[in-house]
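Quick note: the coordinates plus some simple rules give every number you see, no bench work behind them. Here the structure is a predicted model, which is why all the values come from computation and not from measurement. FYI the Cβ positions are ideal-geometry reconstructions off the backbone, even for glycines, and counts take in every protein chain you see.
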Amino acid sequence: NAGVTQTPKFQVLKTGQSMTLQCAQDMNHNSMYWYRQDPGMGLRLIYYSASEGTTDKGEVPNGYNVSRLNKREFSLRLESAAPSQTSVYFCASSEQKNQPQHFGDGTRLSIL
Amino acid sequence: GQSLEQPSEVTAVEGAIVQINCTYQTSGFYGLSWYQQHDGGAPTFLSYNALDGLEETGRFSSFLSRSDSYGYLLLQELQMKDSASYFCAAHNTNAGKSTFGDGTTLTVKP
């Protein structure tokens, strides 16, 4: 049982490049989330999907897009990467909205 | 909007008990979760309160008072491996999203 799987684990991009971060969960959860975490900070919600077929903006959605491809997969896309998007990105899922979340191991993204 | 406040740092000795407080201001509050995160690792779920009162899970317990917009995480019989960051997170019933506090760094000393 893998839980929440994120790929890639590490990535370095140049300013202006595009990138899609992948996330998949095998727990049959309805809700999925994307967070970013900057050094010494808490988690800030980028986008979330309360259920398959829906997506909504979180606190910091600018510069990102998401796709809830199916119940298992929720991807995050950076169309034109900026240095300010250097961060650790975590995907999470929960059985229903408002329930505790299970996190992937994170993607460490550096933009030069 | 939603906001949560928790202390930035707490230090305790091995074997002791420590309490990490969390106060929240949020509309449509549904419940409060607690997560542990070791350096370089992912957050892992510890405890959840949707109702007032105490939830106990081994050495960890969590408490919620909706009337006071307040909760805490209690860690007993502290071990060195408990040194980590601890986050509270408020769940919003209307939007289905969660807001995290900035985290409390717990240092356990011998």
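At q = 0.11, 0.16, 0.20 Å⁻¹, what base-10 log of I(q)/I(0) does the Debye formula yield for chain A when every alpha carbon is treated as an equal point scatterer in vacuo? Computed log10 I(q)/I(0) values: -0.30, -0.64, -1.01.
Taken over the alpha carbons of the protein assembly as shown as equal point scatterers, the Debye sum produces base-10 log I(q)/I(0) values at 0.07, 0.08, 0.13, 0.17 Å⁻¹ of -0.21, -0.28, -0.74, -1.20.
Nearest-5 percent of antiparallel DSSP beta bridges in the range B:32-82?
On the way: 16 of 16 bridges.
Percentage antiparallel, nearest 5: 100.
Considering every residue in B:38-44, what mean count of other chain Cβ atoms within 10 Å of its Cβ is obtained?
Working: counts 0, 0, 4, 3, 13, 11, 2.
Per residue, the number of nearby Cβ atoms from other chains is 5 on average.
Protection proxy ranking of B:62-70, A:101-109, by the mean of other Cβ atoms within 10 Å over each peptide's residues and highest first, is A:101-109, B:62-70.
Applying Stokes-Einstein at 25 °C and 0.890 mPa s to the Kirkwood radius of chain B, computed over alpha-carbon pairs, gives a translational diffusion coefficient of 176 µm² s⁻¹.
When ranked by the protection proxy of mean other Cβ atoms within 10 Å per residue, highest first, what sequence do the peptides A:81-91, B:44-54 form? Provide the component values of the computation, followed by the final result.
Numbers: A:81-91: 18.6, B:44-54: 15.6.
Going by the mean number of other Cβ atoms within 10 Å, highest first, we get A:81-91, B:44-54.
Within 10 Å of each Cβ of A:35-46, how many other protein chain Cβ atoms are there on average? Please report the intermediate quantities before stating the final value.
On the way: counts 3, 0, 6, 0, 0, 5, 3, 14, 11, 2, 6, 0.
That average works out to 4.
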